[in-house]
Amino acid sequence: MDKEQGLGAGRRGVGRRSVLRAAAAVPVLGTVPVIGAGAMTSPALAQTAATDPAAEDLQGAGFYRFNVGSMSCLVVSDGGMSFELHPTFAMNADRAEFADLLDEHFLDIDAGPFTSNVLLVDTGERRVLFDAGTAEAFGPAMGRAVANLARAGISADSIDMVVISHAHLDHIVGLTDPTGAPVFPRADILISDAELAFWTDPDLAAVLSGLPIPPDMQAGMIASVQNRMLPLGNRISTFALDEELMPGIRSVSAIGHTPGHSAFRIESDGQQLLHLVDTVHQYVSGLRRPDWQVAFDVDPEMGAATRQRLLDEVAADRVLTMAYHFPFPALGHVRPRQEAFEWVPVAWTW
Ligand SMILES: [Zn+2]
């Protein structure tokens, strides 16, 4: 990969609704719900996006290169949006207390940032992508991962493997196009055995119905697995949590968000990256108050315990850390602060 960086694709406000409520308002009809579509502030921009997503990138190309030892790595932005953050990211927190914490960090809880970032690791032998992005599921301001890979000189057909952290729609819809055809035609797909078992359980609908997620959103989650991941059939294989996937890449159990959610440790020549994926979502509240529970966590108490455990680990070890929904390039370090943590983003290097 070249040395040059691409500036981050920006986020655009798509209305002051939470993702949960926005999702609930969208008819599902057995397909993947489009969240935030139609809420664009500029029809002209929306029209441009429909023909050429690249032309709408107000903030630049959206890729960031770095190395972990001898492995070449790249984070590509999948785009972003903004929405009301409470109660989605702090179900057990008082709204005013949550708002005060975000205000202290110059964030507005009515229109807080939400972005997605996809990691590519080139081991020298294989190009391994971690999650596949949202495609069209969250509207035209997101779904940029493949376009940003292309801008960095990486074609979809050069990807050897896509490792899925968990089967939520913002991580798997980009695996296939709306017909179920693979977006990464040569890639093997890996997912944890516990995660695949959960989403293919015949009783899944009953299990999800016990969660604080609107029924339409639950239907969308099920539909996205069935329509956008399972069509890949025998390309999909599984790994056990905490297993080494290949030399230098290891699963780290991060269950709670989902029953088979995996973080990943990338190691080469004494250097390390821990990709927390969705162990933590919001870079302020998730670190300052890891005990605040997230509506998308299948087991919110276990999600909080896992968040505390892995944040403790990366803060103690001072290792480079990534989280899928942190602001682009979603790389930085976690340090202790008072009784909890805070995020220190990497300084952009050219
Ligand atoms: Zn996610």
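Derivation of every value follows stated rules applied to the coordinates shown; laboratory data play no part. Note that the coordinates shown come from a computational prediction; the quantities given were computed from them, not determined experimentally. Glycine gets a Cβ as well: all are built from the backbone with ideal geometry, and neighbour counts include every protein chain shown.
Which order results if SER77, SER224, SER70 are arranged by neighbouring Cβ count within 10 Å, fewest first?
SER70, SER224, SER77
Students often check this: by mean Cβ neighbours within 10 Å, which of 272-279, 315-322, 90-97 ranks highest, and how do the rest follow?
272-279, 315-322, 90-97
Where does the charge balance sit around ASP177 when Lys and Arg score +1, Asp and Glu -1, over other residues with C-beta under 10 Å from its C-beta?
With Lys, Arg at +1 and Asp, Glu at -1, the net is 0.
With Cβ to Cβ distances under 15 Å as the rule, what net charge do the other residues near GLU301 carry (K, R +1; D, E -1)?
Details: positive: ARG289, ARG307, ARG309; negative: ASP291, ASP297, ASP299.
So the environment of GLU301 carries a net charge of 0.
First measure r as the distance between the Cβ atoms of ASP317 and TRP350, then evaluate 1/(1 + (r/R0)^6) with R0 = 22 Å and state the FRET efficiency to the nearest 0.05.
Efficiency, from the Cβ-Cβ distance: 0.20.
Could you check the spin-label model distance between MET91 and GLN226? Points 7 Å from the Cα along Cα→Cβ, value in nm.
2.4 nm
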